[in-house]
There are 2 protein chains.
Amino acid sequence: MRITVPAGGVGAARFLRGLKAEVPGAEITVIGNTGDDITLFGLHVSPDLDTVMYTLGGGIDEEQGWGRAGDSRTVLSELAAYGAGPGWFGLGDLDIATHLHRTSMLSAGLPLSAVTTVLCQRWQPGVRLLPMTDDRVETHVVLASDEGERRAGVGTERGGGTSMVHFQEWWVRMGAQVPATGFVFAGAEQASPAPGVLEAIAEADVILMPPSNPVVSIGTILAVSGIAEAMRAKTVVGVSPIIGGAPVRGMADKCLAALGVAASAAGVAAHYGPGLLDGWLVDEQDKAAADAPELAGITVRAVPLYMSSPAATAAIARAALDLALELHG
Amino acid sequence: MRITVPAGGVGAARFLRGLKAEVPGAEITVIGNTGDDITLFGLHVSPDLDTVMYTLGGGIDEEQGWGRAGDSRTVLSELAAYGAGPGWFGLGDLDIATHLHRTSMLSAGLPLSAVTTVLCQRWQPGVRLLPMTDDRVETHVVLASDEGERRAGVGTERGGGTSMVHFQEWWVRMGAQVPATGFVFAGAEQASPAPGVLEAIAEADVILMPPSNPVVSIGTILAVSGIAEAMRAKTVVGVSPIIGGAPVRGMADKCLAALGVAASAAGVAAHYGPGLLDGWLVDEQDKAAADAPELAGITVRAVPLYMSSPAATAAIARAALDLALELHG
């Protein structure tokens, strides 16, 4: 069985671990979001790719959800002693080795997809991990107003009356506390899917969308030219990132609010637009979404969606896969 | 008093510490060798500049002579786990922070001299530290033969029957055990002295040459266009790196042998060529150098030259300075 999974960070990584446990024989291809990638101290950091790779490869900091288990912060502290910033992005020493190796290979001319393959040779995540694109795509955040920014006491890049910041600056540094009015996936329209991405979609039996951030994780992947179109031709089942009207993890509601999308199971599904989702797995608390008029044509199924343990997560992955296989026929 | 000091690594750094202790009021400008610079994992490493900076700034690993005190090897071990090489060059985590910050600033377009100034703002070495040039100069080593290389069991770059390796590969990886027949200071002739270098020579009351490697430290600096000429117009006193016919530290004899220069106090002084040295401080064991015909015109003085303690090192620096001031008149 071939399963293709567009993936963000922590939620996707845990979902994938559950999926692997449920269907160990499946060929799973992961299309990772790279819109969160950022250059720090000259190092190319790919947070979502690394979270998937470390989680499935057994190196993740389980409590934190990202970064390496047992990591130290020697290099980062020392950079701070030089007055070199930013200090708001956590980079452990073990993690820095990954970024050094990645950056070194990118500088030598390897595309990100090839670099990711090399890094995965060590981690053996048990899935094929592809970046959504080898081109540079960066998610930027449009801030509501200079007023909001001033209240948060942070400085940002400005241009023509609009304040824009890199996604990581908004998400990590500002804690998404400054109201946003939109997101710009800079470069996405011009970007080509990485080698293997469109094939992995076309050849998949089913596509499963984990409970990643619908705007800045899944949304970014769908913004890459050709990916959404390819997915609309397939059986796609998504797992709602909402439980009882609030995001399970992270601050997805801040992203949804910026776009005027309700932080509800129905709101998120509708946000993906017509023709993409065939099935939508919602939490039992949100089963009323099945009656939402905007979800006409989408098969909604309610199960417990809280990934409280590896077993619970595996059950969610199984439910998503079962629904997809039923719809695939 | 203005003193300018062309400097290599460990020996120069210790000499400079002694000099600072002896003449705390002096304005000391250090012209650092950058021919040993190497790019590792995409990081620009400047071993000699860092050894001077860390030693005078109080951060050096005293026992080792280079690198940072109390450093760890987390990043390097992790890079090895990725199979990323080379593993033969020791880079600690604290040290890597320096290289990351340097590389980041170089990538942003700052010249090495400005980058060095920024790094020194933290370390406050108490001297003005200038790289010999902002241009790229790399010391390469011509190996005696493929035979020597094969016996050493190492692979090297080859070209047209001659084997050439980066200085660090020969020095660190091969331990200078493969016979060399010459050195190429690639880029030196085309390189311009860094801003301030020629001025620091012209405006100096005296120039002191510490007991650095005469071939690959001092020799590299002298190879940069214009530096040797500027120095010949000044009062220059050198400290012999030889004690009793052998180098005090390091493997300078391997470098001298490659050029057919005797590893003797007289041999090294003669190697610098006519007109450069006005005074030559030799060890008491080597006082016969005063009678060497090839040192005619150079004032030779014998003192104990073993830098066995900070006090002994300060006394050597004082003796060199006294001789220079006498000759300067």
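Hey, for residue A:325 with labels 7 Å out along Cα-Cβ, what do the inter-copy distances come to in nm, ordered shortest first?
Copy-to-copy label distances for residue A:325: 9.1 nm.
Explain nothing, just the number: dipole magnitude of region A:195-325 about its Cα centre with +1 on each Lys and Arg Cβ and -1 on each Asp and Glu Cβ, in debye rounded to the nearest 20. Mind dumping the intermediate values first?
Details: 7 positive and 12 negative charges, 46 e Å.
Around 220 debye, computed over region A:195-325.
What does the structure give for A:91-97 when I average, per residue, the other chain Cβ atoms found within 10 Å of the residue Cβ? Don't skip to the answer; put the middle values down first.
On the way: counts 0, 3, 10, 5, 2, 8, 13.
Average neighbour count from other chains, rounded to a whole number: 6.
Between copies, how close do the residue B:108 label points come, placed 7 Å along Cα→Cβ, listed in nm from shortest?
In ascending order, 2.8 nm.
Please arrange A:243, B:96 by accessible surface area, largest first, computed with a 1.4 Å probe and ligands excluded.
A:243, B:96
Please work out how much accessible surface residue B:328 shows to a 1.4 Å probe, ignoring ligands, DNA and RNA, in Å² rounded to 10.
90
Could you sort B:49-58, A:115-124 so that the peptide with the highest average Cβ count within 10 Å comes first and the rest follow in order?
On the way: B:49-58: 23.7, A:115-124: 17.6.
Peptide ranking by packing, descending: B:49-58, A:115-124.
Based on alpha-carbon atoms only, what is the radius of gyration of the protein assembly as shown relative to the globular estimate 2.2 N^0.38 Å?
Working: Rg = 31.4 Å, N = 658, 2.2 N^0.38 = 25.9 Å.
That works out to 1.21 for the protein assembly as shown.
For residue B:206, list long-range residues whose amide hydrogen, built 1.01 Å from N in the peptide plane, is under 5 Å from its own amide hydrogen.
B:2, B:4
So what is the calculated 222 nm ellipticity per residue for the protein assembly as shown, using -39500 (n - 2.57) for each DSSP H run with n of 4 or more, over all residues, to the nearest 500 deg cm²/dmol? Working shown, then result.
On the way: 24 runs with 234 residues, N = 658.
After summing the helix terms and dividing by residue count, I get -10500 deg cm²/dmol.
Using square roots of five times the C-alpha gyration tensor eigenvalues, list the equivalent-ellipsoid semi-axes of region B:210-254 in whole Å, biggest first. The partial results should precede the final answer.
Values: eigenvalues 100, 32, 7 Å².
Semi-axis lengths for region B:210-254 are 22, 13, 6 Å.
Which of the DSSP-defined H helices in chain B satisfy a minimum axial length of 24 Å, computed from C-alpha atoms, and a minimum mean Kyte-Doolittle hydropathy of -0.5?
B:310-328
Lysines within cross-link reach of residue A:234: Cα-Cα under 28 Å, excluding same-chain residues under 8 positions apart?
By straight Cα distance, residue A:234 reaches A:20, A:287.
Expressed as a whole percent, how much of the Cα-Cα distance distribution for chain B exceeds 35 Å?
Working: 9222 of 53956 pairs.
Result for the distance tail: 17 percent.
Only Cα pairs under 8 Å and at least 6 apart count here; give the relative contact order of chain B as a rounded whole percent. Don't skip to the answer; put the middle values down first.
Numbers: 667 pairs, mean separation 62.5, N = 329.
Across chain B, relative contact order equals 19 percent.
Relative to the other copies, what are the label-point distances for residue A:287, with labels 7 Å from Cα along the C-beta vector, expressed in nm at one decimal and sorted shortest first?
Copy-to-copy label distances for residue A:287: 10.3 nm.
Quick check for me: using +1 on Lys/Arg Cβ and -1 on Asp/Glu Cβ, what's the dipole size of the protein assembly as shown about its Cα centre, in debye to the nearest 20?
Dipole of the protein assembly as shown, to the nearest 20 debye: 360 debye.
Quick one: net charge of residue B:196's neighbours, Cβ under 13 Å, K/R +1, D/E -1? Before the final figure, lay out the partial values.
Details: positive: B:2, B:128; negative: B:27, B:134, B:199, B:203.
Cβ neighbours under 13 Å give a net charge of -2.
Using just the Cα positions, wrap region B:244-297 in a convex hull and report its mean projected area in square nanometres, one decimal place. Each step should come with its number before you reach the end.
Details: hull surface 14.7 nm².
With every direction weighted equally, the projected area is 3.7 nm².
For the full complex of protein chains and a 1.4 angstrom probe, list B:99, A:101, B:271 by accessible area with the highest value first.
Details: B:99 0, A:101 25, B:271 65 Å².
The ranking, largest first, comes out as B:271, A:101, B:99.
Counting only other chains, and only Cβ atoms inside 10 Å, what mean value do you get across the residues of A:98-110?
Details: counts 5, 2, 13, 8, 2, 4, 7, 3, 1, 4, 1, 0, 0.
That works out to 4 on average.
Set the Förster radius R0 to 22 Å, insert the Cβ-Cβ distance between residue A:288 and residue A:262 as r into 1/(1 + (r/R0)^6), and round the FRET efficiency to 0.05.
Numbers: r = 13 Å, r/R0 = 0.57.
Computed FRET efficiency for residue A:288 and residue A:262: 0.95.
Please give the average number of partner chain Cβ atoms lying within 10 Å of the Cβ of each residue in B:80-89, rounded to a whole number.
Values: counts 1, 5, 11, 4, 7, 0, 0, 0, 0, 0.
Across B:80-89, the average partner-chain Cβ count within 10 Å equals 3.
Provide the net charge surrounding residue B:1, with neighbours chosen by a C-beta distance below 9 Å and charges set as Lys +1, Arg +1, Asp -1, Glu -1. Can you show the working numbers first?
Details: positive: B:2; negative: B:27, B:205.
Around residue B:1, the surrounding residues sum to -1.
Roughly how many debye, to the nearest 20, is the charge dipole of region B:95-138 about its Cα centre, given +1 on each Lys and Arg Cβ, -1 on each Asp and Glu Cβ, and no other charges? Walk me through the intermediate numbers first.
On the way: 4 positive and 4 negative charges, 36 e Å.
I would put it at about 180 debye.
Accessible area per residue, 1.4 Å probe, Å², for chain B: what's the number?
On the way: 12410 Å² over 329 residues.
That works out to 38 Å² per residue.
Calculate the tail of P(r) for region B:1-71: the fraction of all Cα-Cα distances greater than 16 Å, expressed in %. Intermediate values should be presented prior to the final figure.
Details: 1215 of 2485 pairs.
Roughly 49 percent, rounded to a whole number.
At a Förster distance of 56 Å, what's the computed FRET efficiency of residue B:124 paired with residue A:186, Cβ-Cβ distance as r, to 0.05?
Details: r = 41 Å, r/R0 = 0.74.
Once rounded, the FRET efficiency stands at 0.85.
Name the residue from A:241, A:104, A:6 whose Cα lies farthest towards the positive end of the charge dipole of chain A, charges +1 on Cβ of Lys and Arg and -1 on Cβ of Asp and Glu.
Checked the options; the winner is A:104.
What total accessible surface area, summed over both chains, is buried at the interface between chains A and B, computed with a 1.4 Å probe and given in Å² to the nearest 100? Working shown, then result.
Values: alone 13440 and 13420 Å², together 24830 Å².
About 2000 Å² of accessible surface is lost on pairing.
Could you give me D for region A:71-142, from Stokes-Einstein at 37 °C and 0.692 mPa s, where the hydrodynamic radius is the Kirkwood radius over C-alpha pairs? Units µm² s⁻¹, please.
Details: Rh = 14.2 Å.
For the chosen part, D equals 230 µm²/s.
How far is it, in nm, from the label point at residue A:205 to the one at residue B:144 when both lie 7 Å from their Cα along the line to the Cβ?
Each label point is offset 7 Å from its Cα along the Cβ direction, giving 6.7 nm.
Take peptides A:31-40, B:133-142, A:294-303 and line them up by average Cβ neighbours within 10 Å, highest first, as a rough protection proxy. Before the final figure, lay out the partial values.
Working: A:31-40: 25.2, B:133-142: 21.8, A:294-303: 16.2.
Per-residue mean Cβ counts within 10 Å order the peptides as A:31-40, B:133-142, A:294-303.
For region A:198-329, state the average projected area of the convex hull of the C-alpha atoms over all orientations, rounded to one decimal in nm². Mind showing how you got there, number by number?
On the way: hull surface 30.2 nm².
Averaged projected area of region A:198-329's Cα convex hull equals 7.5 nm².
Step through the residues of region A:59-66 one at a time and calculate ³J(HN,Hα) from phi using the Karplus curve (6.51 cos²θ - 1.76 cosθ + 1.60, θ = phi - 60°), rounding each to whole Hz and writing x for Gly and Pro.
x, 6, 6, 4, 5, 6, x, 9
Positive end of the dipole of region A:199-316, charges at C-beta (+1 Lys, Arg; -1 Asp, Glu), about the Cα centre: which of A:314, A:228, A:257 has its Cα farthest in that direction?
Projecting each Cα onto the dipole axis, the largest value belongs to A:257.
Would you please state which residues of region B:189-216 a label at residue B:1 would reach in this model, taking the label point 7 Å out along Cα→Cβ and a backbone N cut-off of under 18 Å?
B:201-211
From largest accessible area down, sort A:100, A:198; use a 1.4 Å probe on the protein chains. List each step's numbers first, then the result.
On the way: A:100 5, A:198 70 Å².
The residues order as A:198, A:100, largest area first.
The values are calculated or read from the model by the stated rules, or taken from the named source; none is laboratory data. Since we're looking at a predicted model, the values are computed, not measured. Cβ: placed from backbone, ideal geometry, glycine included. Neighbour counts: every protein chain shown. To get the accessible areas, we keep the full protein, side chains included, count just its heavy atoms, and leave off ligands, DNA and RNA. Shrake-Rupley method; radii C 1.70, N 1.55, O 1.52, S 1.80 Å.
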